[in-house]
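Peer 1: Pasting a structure here, questions to come.
The values are calculated or read from the model by the stated rules, or taken from the named source; none is laboratory data. Predicted model only: the values in this text are computed from it and were never measured. As a convention, Cβ positions derive from the backbone with ideal geometry for all residues, glycine included, and neighbour counts pool all protein chains shown. Areas reflect the complete protein model, heavy atoms only, side chains present, ligands, DNA and RNA absent. Shrake-Rupley method; radii C 1.70, N 1.55, O 1.52, S 1.80 Å.
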Amino acid sequence: MTSTDSPDLASRVLSGDMRAMGRAIRCVDDREPGSSALLKALWPHTGKAWILGVTGNPGAGKSTLCDRLIEAYRARGQRVSVIAVDPTSPYTGGAILGDRIRMSRHATDSGVFIRSMATRGHLGGLSRSARDAVRVLDASGCEVVLVETVGVGQDELEVTRTAHSTLVVMAPGMGDEVQAIKAGILECADAFAVNKADRQGADMTVRDLELMIALGNETIRGLSKTHGHSTHGAADGHVTQQGAGAGDGADERWTPPIVKCVATRGEGVGDVVDALDRHRAWLEKTQTGRARRRERLGEELRDTLREALIDAAVHDLAARIDEVVAQVEARAVDPYTAIERLVQAFRARS
């Protein structure tokens, strides 16, 4: 019997039952029969939580900072949940799921729910089902959902299509001076946290980020003049920003603030939270911010559609794919023609 066999699972999730939340997440993560029906039942109750993505280089202190963010949001009386994504071994298929160890002091807090998930080989910094897990937590009544990615490189930025706000955590002395130049890391950030700011090189990391942001804004202004309108700086729809204030509805671009902190001691965490609050206000109060949220939803729907089509095609054409592999191996057909034929066969079945 699967967890979705229980007819009251959705209602238990909506009541905030932590056991039901865990079972529902396991259900959608394993793609059990009935997981789609469960998500459909929960969907009308979603859209209230604020989703905060926390990403950055390995070892920057993401988990420790998440621990402090939980503390800050709980001090406001808000229910907080965390999805902590850990990498899966390409050799054994296992995952340590150890990020939550640094958040263990919240284990007895009934207002905090922490769940570790494995990537299961999915690229982009998140697991394939992380977005669905976030919806389960949203429907359960959590007001803030933190999504901690695996340690990402330069373009593993799927979190930007899941979270409302993305916090990029950096630390001095880890090559971040070079990483700051990388377009993916720069463009995904709604705020930067330079963690371990008590270490030598923190000010240099801040200066490098400020330089890269300034250069990015100059590029955006040049493109705006060329095309006669504000533009977006990334292919995935993330708004390249300028103008750090939320304003009173003015269409200001957003400049990611850079905040220094020492998460192990709790120093600067309040400033990080304030920066994230300003970004949330910008998204909610400005036309550009609202457009950003619509684009994020569009990207999410396209990603979901892409995954559904791939699953359907692999299922329906399983035998045909094996035949095509043999033909390509025998060099009876080139792989490009073979793919075209598979696509035509799938369309004919639709």
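Peer 1: With the structure loaded, tell me whether T304 is over 17 Å from T162 (Cα atoms) and hydroxyl-bearing (S, T, Y) or whether it fails that test.
Peer 2: Details: over 17 Å from T162 (Cα atoms): no; hydroxyl-bearing (S, T, Y): yes.
The answer is no for T304.
Peer 1: Pick from the range 183-198 the residues that are assigned to a helix (DSSP H, G or I) and open to solvent by 10 Å² or more (accessible area, probe 1.4 Å): which of them is modelled with the lowest pLDDT? Write out each step before concluding.
Peer 2: Our first condition is that a residue be assigned to a helix (DSSP H, G or I); within the range 183-198, this holds for 183-188.
This time we only want the ones that are open to solvent by 10 Å² or more (accessible area, probe 1.4 Å), so: 183-184, 186-187.
Values: A183: 54, G184: 61, L186: 68, E187: 72.
By that ranking, first place goes to A183.
Peer 1: In the range 323-334, how many residues are at positive phi and open to solvent by less than 80 Å² (accessible area, probe 1.4 Å)? Before you say what the answer is, go through the steps one by one.
Peer 2: Our first condition is that a residue be at positive phi; within the range 323-334, this holds for 331.
So of that shortlist, the ones also open to solvent by less than 80 Å² (accessible area, probe 1.4 Å) come out as none.
Residues meeting the conditions: 0.
Peer 1: Here's a follow-up. Which condition does E218 not pass, out of (1) part of a helix (DSSP H, G or I); (2) out of contact with any strand residue (DSSP E or B) (no Cβ under 6 Å at 6 or more places or on another chain); (3) at pLDDT 70 or above, if it passes all the others?
Peer 2: With (1) part of a helix (DSSP H, G or I); (2) out of contact with any strand residue (DSSP E or B) (no Cβ under 6 Å at 6 or more places or on another chain); (3) at pLDDT 70 or above applied to E218, the lone miss is (3).
Peer 1: Continuing with this model, one more query. Could you give every pair whose Cβ atoms fall below 6 Å, whose first residue belongs to the range 312-341 and is farther than 22 Å from R31 by Cβ and among the β-branched types (V, I, T), and whose second residue is open to solvent by less than 50 Å² (accessible area, probe 1.4 Å) and in a helix (DSSP H, G or I), counting only separations of at least 6 or pairs across chains?
Peer 2: Between residues of the range 312-341 that are farther than 22 Å from R31 by Cβ and among the β-branched types (V, I, T) and residues that are open to solvent by less than 50 Å² (accessible area, probe 1.4 Å) and in a helix (DSSP H, G or I), the close pairs are V324/A338; V328/A338.
Peer 1: Is at least one residue of the range 48-58 surrounded by fewer than 21 Cβ atoms within 10 Å (Cβ to Cβ) and more than 26 Å from V150 (Cβ to Cβ)?
Peer 2: yes
Let's see how each residue does on (1) of a type in the set (S, T, N, Q); (2) closer than 21 Å to R31 by Cα; (3) open to solvent by 20 Å² or more (accessible area, probe 1.4 Å); (4) modelled with pLDDT under 60:
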| residue | (1), (2), (3), (4) |
| --- | --- |
| Y91 | no, no, yes, yes |
| I101 | no, no, yes, no |
| A107 | no, no, yes, no |
| I114 | no, yes, yes, no |
| L123 | no, yes, yes, yes |
| V134 | no, yes, no, no |
| V145 | no, no, no, no |
| T166 | yes, no, no, no |
| M170 | no, no, no, no |
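Peer 1: Please list, ordered by first then second residue, the pairs with beta carbon atoms under 6 Å, 6 or more apart or interchain, first in the range 158-186 and hydrophobic (A, V, I, L, M, F, W, C), second outside any helix (DSSP H, G or I) and modelled with pLDDT under 55.
Peer 2: Between residues of the range 158-186 that are hydrophobic (A, V, I, L, M, F, W, C) and residues that are outside any helix (DSSP H, G or I) and modelled with pLDDT under 55, the close pairs are V159/G125.
Peer 1: Any idea which residue in the range 286-298 is nearest to R253 (Cα to Cα), counting only those that are surrounded by 16 or more Cβ atoms within 10 Å (Cβ to Cβ) and among the basic types (K, R)?
Peer 2: Among residues in the range 286-298 that are surrounded by 16 or more Cβ atoms within 10 Å (Cβ to Cβ) and among the basic types (K, R), the one nearest to R253 (Cα to Cα) is R292.
Peer 1: Now a separate question. Return the total of residues in the range 302-322 being open to solvent by 80 Å² or more (accessible area, probe 1.4 Å) and either under 19 Å from C188 (Cα atoms) or touching a strand residue (DSSP E or B) at 6+ places or on another chain (Cβ under 7 Å) (or both).
Peer 2: 1
Peer 1: Can you spot a residue in the range 62-75 that is in contact with a Leu (Cβ under 8 Å, 6 or more places away or on another chain), surrounded by 15 or more Cβ atoms within 10 Å (Cβ to Cβ) and free of Cβ contacts under 8 Å to residues at least 60 places away in the same chain?
Peer 2: The answer is no, given that none of the residues of the range 62-75 is in contact with a Leu (Cβ under 8 Å, 6 or more places away or on another chain), surrounded by 15 or more Cβ atoms within 10 Å (Cβ to Cβ) and free of Cβ contacts under 8 Å to residues at least 60 places away in the same chain.
Peer 1: Which residues, taken from the range 250-280, are part of a helix (DSSP H, G or I), in contact (Cβ under 8 Å) with a residue 24 or more places away in the chain and open to solvent by 20 Å² or more (accessible area, probe 1.4 Å)?
Peer 2: Our first condition is that a residue be part of a helix (DSSP H, G or I); within the range 250-280, this holds for 269-280.
If we keep only those that are in contact (Cβ under 8 Å) with a residue 24 or more places away in the chain as well, we get 269-270, 272-273, 275-276, 278-280.
The answer is G270, R278, R280.
Peer 1: Between residues in the range 25-46 that are in contact (Cβ under 8 Å) with a residue 24 or more places away in the chain and open to solvent by 60 Å² or more (accessible area, probe 1.4 Å) and residues that are part of a helix (DSSP H, G or I) and of a type in the set (V, I, T), which pairs lie under 9 Å by C-beta distance while being six or more apart or on different chains?
Peer 2: As it stands, the answer is P33/T4; A37/T4; H45/V13, since those pairs meet every condition given.
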